[in-house]
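Peer 1: Handing you this structure, nothing more for now.
The values are calculated or read from the model by the stated rules, or taken from the named source; none is laboratory data. All values derive from a computational prediction rather than experimental measurement. Backbone-built Cβ (ideal geometry, glycine too); neighbour counts: all protein chains shown. We work out accessible area using only protein heavy atoms, side chains counted, and drop any ligands, DNA or RNA first. Shrake-Rupley method; radii C 1.70, N 1.55, O 1.52, S 1.80 Å.
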Amino acid sequence: MKKILILGGTTFDHIVTLDKFPEPIPKTIHSAPFHEATGSTGAGKALCLTKLGVPNVLHSILGDDIWGKKIISHLSSQKVDFIYDIDPKGTERHFNIMNAAGERISMFITQSSETLNVNLALIEQKIQWADIIVLNIIPYCKQIIPIL
């Protein structure tokens, strides 16, 4: 079975679900179901591949904060092989409003740093291990392109 390295894409998301989006007028919604979850494209790929039994490693960046700790805990509980570097700006977070039709309005509450000091030696080791590499379109991943 092919081994997959996923580079980039882990956030902590706050997700509110509405039956339908409100009309574009000021409105207060007094009650709406919500949940919080690990999000973004890299985490989604790693979670699905792990559930399917496909060997994979996810590298991403997180803040040394409560949201980063929640992501680490969640991915660990799901047995995802997760390596990460610390973003001094904190963990990227999104606020999503979903409707019953599956449509989404996504707002970035915080964003990751554009450039970071990542453990390139560890990433190089994982590149050598992998048969397939997924490089997400996240700013910090630009510095990995020359290695690939």
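Peer 1: Six or more apart or on different chains, Cβ under 6 Å: which pairs go from a residue in region 128-148 that's closer than 18 Å to Ala46 by Cα to one that's at pLDDT 95 or above and assigned to a strand (DSSP E or B)? Could you list them?
Peer 2: These pairs meet every condition: Ala130/Leu5; Ile132/Ile4; Ile133/Leu5; Val134/Ile6; Leu135/Leu7; Cys141/Leu7; Cys141/Leu135.
Peer 1: Now for a separate question. Got a sec? Which of Asp81, Asp65 is closer than 22 Å to Asn119 by Cβ and open to solvent by less than 60 Å² (accessible area, probe 1.4 Å)?
Peer 2: Asp65
Conditions (1) closer than 25 Å to Ala32 by Cβ; (2) within 13 Å of the chain's Cα centre (by Cα); (3) not aliphatic (A, V, I, L, M), marked per residue:
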residue: Asp87; (1), (2), (3): no, no, yes
residue: Asn96; (1), (2), (3): yes, no, yes
residue: Leu116; (1), (2), (3): no, no, no
residue: Ala121; (1), (2), (3): no, no, no
residue: Glu124; (1), (2), (3): no, no, yes
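Peer 1: Looking at (1) assigned to a helix (DSSP H, G or I); (2) closer than 22 Å to Asn117 by Cα; (3) not charged (D, E, K, R), can you tell me which one Leu5 breaks?
Peer 2: With respect to (1) assigned to a helix (DSSP H, G or I); (2) closer than 22 Å to Asn117 by Cα; (3) not charged (D, E, K, R), Leu5 is out only on (1).
Peer 1: Could you please let me know if Ile71 is open to solvent by 30 Å² or more (accessible area, probe 1.4 Å), within 29 Å of Ile123 (Cβ to Cβ), at pLDDT 95 or above and out of contact with any Asp or Glu (no Cβ under 8 Å at 6 or more places or on another chain)?
Peer 2: The answer is no for Ile71.
Peer 1: Another question about this same structure. Just to check your reading of the model, which residue among Ser60, Ser76 is closer than 20 Å to Leu122 by Cα, of a type in the set (Ser, Thr, Tyr) and under 10 Å from the mean Cα position of the chain (by Cα)?
Peer 2: The unique qualifying residue is Ser60.
Peer 1: Additional query: Please count how many residues of region 17-60 are over 25 Å from Ile145 (Cα atoms), in contact (Cβ under 8 Å) with a residue 60 or more places away in the chain and open to solvent by 30 Å² or more (accessible area, probe 1.4 Å).
Peer 2: 4
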